[in-house]
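Reviewing the structure listed below.
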There are 2 protein chains.
Amino acid sequence: MIPGGAWVLGVDSGGSGFRVALGAVDDAARTAGGGTAGSGAAAAGPPVRTAAARSFDTPVPTGPGGIDAEWLLERLVPVARTLLAEAGADGRRPAAVAVGAAGMAGLGDRLRAVLPGALRDALGVRRLALASDAVTAYAGALGRAPGTVVAAGTGLVALGTDLLRWRRADGWGHLLGDCGGGAWIGRAGLEAALRAHDGRRGGSPGLLARAEALFGPVAGLPGQLYPRPDRAAVLASFAPEVARRAADDPVAADVLARAARHIAEAAAAVHPAGGVGDVALTGGLFRIGDPLLVPLRDELARRLPGARPVSAAGDPLSGALAIAAALAADAPALPREPGLLDTYGD
Amino acid sequence: MIPGGAWVLGVDSGGSGFRVALGAVDDAARTAGGGTAGSGAAAAGPPVRTAAARSFDTPVPTGPGGIDAEWLLERLVPVARTLLAEAGADGRRPAAVAVGAAGMAGLGDRLRAVLPGALRDALGVRRLALASDAVTAYAGALGRAPGTVVAAGTGLVALGTDLLRWRRADGWGHLLGDCGGGAWIGRAGLEAALRAHDGRRGGSPGLLARAEALFGPVAGLPGQLYPRPDRAAVLASFAPEVARRAADDPVAADVLARAARHIAEAAAAVHPAGGVGDVALTGGLFRIGDPLLVPLRDELARRLPGARPVSAAGDPLSGALAIAAALAADAPALPREPGLLDTYGD
């Protein structure tokens, strides 16, 4: 036990940037948390207070070896020292770190190989959790209760657990799936715009006008999109336009109706047997509001009649802090599973 | 007039590589071609015989400035000299060059800025045509007759003309369209495989088995796909698997039925008014055969009842040679239009 409480670090790395937070877990909370975790709607770990945080607008790059661990480390280590200094804990070491990252399962080999040793050497970190961003979203949204979280921003993944094992659906990225997510909706909206431009069936003149207002003449759109490393984010940037048009534009409304169907199908595939637990919707996509939420509630009522759709209690960054706090306090944790939630240390 | 005939170069640059051919246009043919072009089912230019050719498996890269003109030049100039030498025309200069490239309209600025001067300096070329790959496909498939060509490989574009102007549909690339093309079909097939893996509705266990046979466990698929520069080609490599499963797998058959609908919609959007002319299908995609062609013929009959579906007379590389031969001989040519068919020189 560290006298005066422990410091923990949480990282949330996604398609449009990454965030780092320093959390304070005090001794009393750790003891209480260790004692009470496992009860009904418990948090993912002992209570943790966010002491300081930083946001970065650049996503961690993905190269031939997967997510670039060295690039992340070069930024994470100095930021961790700055946050500790800001919190008046200069020179202290974090008791645990939890990193949630998009693509952790398929693209996280380098993180798993490099981070445990590098964070021990650079910051004296003895306990580390590497989690899929879906797991940190789950921890932030539902804590340590059974149910399902749909995390949707640029991408989309559904994750459910009965607290014994995880079930995951989608989260395959913008070329293989993420059906109903921000890039999916934006891409479908841009396709409808280009159909109108070409005179193909299924086009939306209204979405064409919005696409030209945002990106200029559509002839230049491929040249603007394909060379960029953040193609999925560019596609997702058009999703709010689709939502804004939905009330007056049947093509835009149909895109969102199809998105709602995909999202409910992903939730239904992972929800605990018997329909136990809530379905939490989390992530920036749901800020587009009713044009998506109204058809989504209908689809969820049809496919998961027993489940209650709820708002997320907290975000993935708070979920990362909660996982780190549980790790620091030896408190009961969410199920560990390679690629979804890996832990390292003593 | 060059005594003894003229040499012309054709280039066909696509998503999975590029090809270069040297063509011989003899004086008699040039005169005859110049005299007869414009008649009914005429070729795009005077008759031209392929003297030598080379294929390259690496696609011309696309960077922040669009299609990489310097990269192409570094390869094209020595190959042109080699082909001339092989044809016994060492030291001769090509009378005209035609380059057909995927993405020419949106990504061809650098080619248009660099190639006219560079090919004149390096090879003494005085006449150059820069064409969309759809235009070279049209020239190869239908020559100088009105109608529509659907060119489909990794991507898909439909191009129609009444010989006064062009109409183009799709060809927007794998993120914005190319609906019904190879990458589109392969992507839809892989999505169905991953739906089966996740337990989502709409999955195909048969396509999942094929995806795992080709790419290994699907958990590794994002890591194999996203870091690659040729993502669209990787997706398209799965299209033949979808076709092979279509007879026994309703999910695979539905992917191809939707592809057929998209293809016919693109053809219908560009076909000359009144239904005049043939619809030619060209490109590697159609080698997957009946699983796509049977539903496609049905869709074309429904949407373009007056048009006759035909096989292409020649490929896009022969179309590039025909355009170069017409340019060399001052013969009537297909309609010129910025981004589709630009010509340079005296």
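Brief remarks on what is shown
- Residue match in the range A:121-132 (condition: touching a residue at least 40 places away in the same chain (Cβ under 8 Å) and within 13 Å of chain B (Cβ to nearest Cβ)): yes
- Criterion violated by A:TYR226 - all others in (1) at pLDDT 95 or above; (2) in the same structural domain as A:VAL294 (by TED's automatic domain parsing); (3) not small (Gly, Ala, Ser) satisfied: (1)
- Counting residues in the range B:243-262 that are small (Gly, Ala, Ser) and facing chain A (nearest Cβ under 9 Å) gives zero.
- Matching residues in the range B:214-224 - criterion: being aliphatic (A, V, I, L, M), surrounded by fewer than 22 Cβ atoms within 10 Å (Cβ to Cβ) and under 30 Å from the mean Cα position of the chain (by Cα): B:LEU214
- Yes/no for A:LEU159 being in contact with a Lys or Arg (Cβ under 7 Å, 6 or more places away or on another chain) and either within 14 Å of chain B (Cβ to nearest Cβ) or surrounded by fewer than 20 Cβ atoms within 10 Å (Cβ to Cβ) (or both): yes
- Residue match in the range B:270-290 (condition: within 14 Å of chain A (Cβ to nearest Cβ), in contact with a strand residue (DSSP E or B) (Cβ under 8 Å, 6 or more places away or on another chain), surrounded by fewer than 22 Cβ atoms within 10 Å (Cβ to Cβ) and closer than 13 Å to B:THR161 by Cα): yes
- With respect to the conditions (1) more than 27 Å from the chain's Cα centre (by Cα); (2) surrounded by fewer than 23 Cβ atoms within 10 Å (Cβ to Cβ); (3) hydroxyl-bearing (Ser, Thr, Tyr), A:SER204 lacks only one, and its number is (2).
- Looking across the range B:213-246, the residues that are touching a helix residue (DSSP H, G or I) at 6+ places or on another chain (Cβ under 8 Å), farther than 19 Å from B:GLY202 by Cβ and among the hydrophobic types (A, V, I, L, M, F, W, C) come down to B:LEU214, B:PHE215, B:ALA219, B:LEU225, B:ALA232, B:ALA233, B:VAL234, B:ALA236.
- Residue within the range B:248-265 that is more than 26 Å from A:HIS174 (Cβ to Cβ) and in contact (Cβ under 8 Å) with a residue 40 or more places away in the chain present: yes
Per-residue answers, yes or no, for (1) small (Gly, Ala, Ser); (2) in the same structural domain as B:GLY117 (by TED's automatic domain parsing):
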{"residue": "B:ALA280", "(1), (2)": "yes, no"}
{"residue": "B:GLY283", "(1), (2)": "yes, no"}
{"residue": "B:LEU296", "(1), (2)": "no, no"}
{"residue": "B:LEU334", "(1), (2)": "no, yes"}
{"residue": "B:GLY339", "(1), (2)": "yes, yes"}
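- If the condition is being loosely packed, with under 14 Cβ neighbours inside 10 Å and not small (Gly, Ala, Ser), then the range B:225-251 contributes B:ARG228, B:PRO229, B:ASP248, B:PRO250.
Yes/no per residue for (1) more than 15 Å from the chain's Cα centre (by Cα); (2) farther than 18 Å from A:TRP7 by Cα:
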{"residue": "A:LEU285", "(1), (2)": "no, yes"}
{"residue": "A:GLY289", "(1), (2)": "yes, yes"}
{"residue": "A:PRO295", "(1), (2)": "yes, yes"}
{"residue": "A:ARG303", "(1), (2)": "yes, yes"}
{"residue": "A:PRO309", "(1), (2)": "yes, yes"}
{"residue": "A:PRO335", "(1), (2)": "yes, yes"}
{"residue": "A:ASP346", "(1), (2)": "yes, no"}
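- Every condition in (1) farther than 30 Å from B:LEU304 by Cβ; (2) touching a Leu at 6+ places or on another chain (Cβ under 8 Å); (3) touching a residue at least 24 places away in the same chain (Cβ under 8 Å) is met by A:LEU176 except one, and the failing one is (3).
- Looking at A:SER237, A:SER204, just one residue is modelled with pLDDT of 95 or more, out of contact with any Cys (no Cβ under 8 Å at 6 or more places or on another chain) and within 30 Å of A:ASP12 (Cβ to Cβ), and that residue is A:SER237.
- Of the criteria (1) over 30 Å from B:HIS262 (Cα atoms); (2) surrounded by fewer than 24 Cβ atoms within 10 Å (Cβ to Cβ), which one B:PRO46 fails: (2)
- Meets criteria (more than 14 Å from chain B (Cβ to nearest Cβ) and within 20 Å of the chain's Cα centre (by Cα)) for A:ALA98: yes
- Residue in the range A:173-180 that is more than 9 Å from chain B (Cβ to nearest Cβ) and over 30 Å from B:ALA268 (Cα atoms) present: yes
- Residue list for the range B:316-338, restricted to those being closer than 23 Å to B:GLY171 by Cβ and modelled with pLDDT under 90: B:ALA333
- Those strands (runs of 3 or more DSSP E) lying entirely in the range B:125-178 with at least 3 residues β-branched (Val, Ile, Thr): B:147-152
- Residue count for the range A:212-229 under the criterion of being in contact (Cβ under 8 Å) with a residue 24 or more places away in the chain and within 12 Å of chain B (Cβ to nearest Cβ): the result is 3.
- Filter result for B:TRP184 (buried (at least 24 other Cβ atoms within 10 Å of the Cβ), without any contact (Cβ under 8 Å) to a residue 24 or more places away in the chain and within 11 Å of chain A (Cβ to nearest Cβ)): no
- Restricting attention to the range A:91-113, the residues being assigned to a helix (DSSP H, G or I), at pLDDT 95 or above and crowded, with 24+ Cβ neighbours inside 10 Å number 1.
- Restricting the range A:303-316 to residues that are outside any loop (DSSP other than H, G, I, E, B) and in contact with a helix residue (DSSP H, G or I) (Cβ under 7 Å, 6 or more places away or on another chain), the residue that is surrounded by the most Cβ atoms within 10 Å (Cβ to Cβ) is A:PRO316.
- Condition met for A:GLY189 (crowded, with 24+ Cβ neighbours inside 10 Å, closer than 20 Å to B:LEU235 by Cα and more than 9 Å from every other protein chain (Cβ to nearest Cβ)): no
The values are calculated or read from the model by the stated rules, or taken from the named source; none is laboratory data. Predicted model, so just to flag it, every value in this text is computed and none were measured. Please note: Cβ atoms are built from the backbone with ideal geometry, for glycine as well, and neighbour counts cover all protein chains shown.
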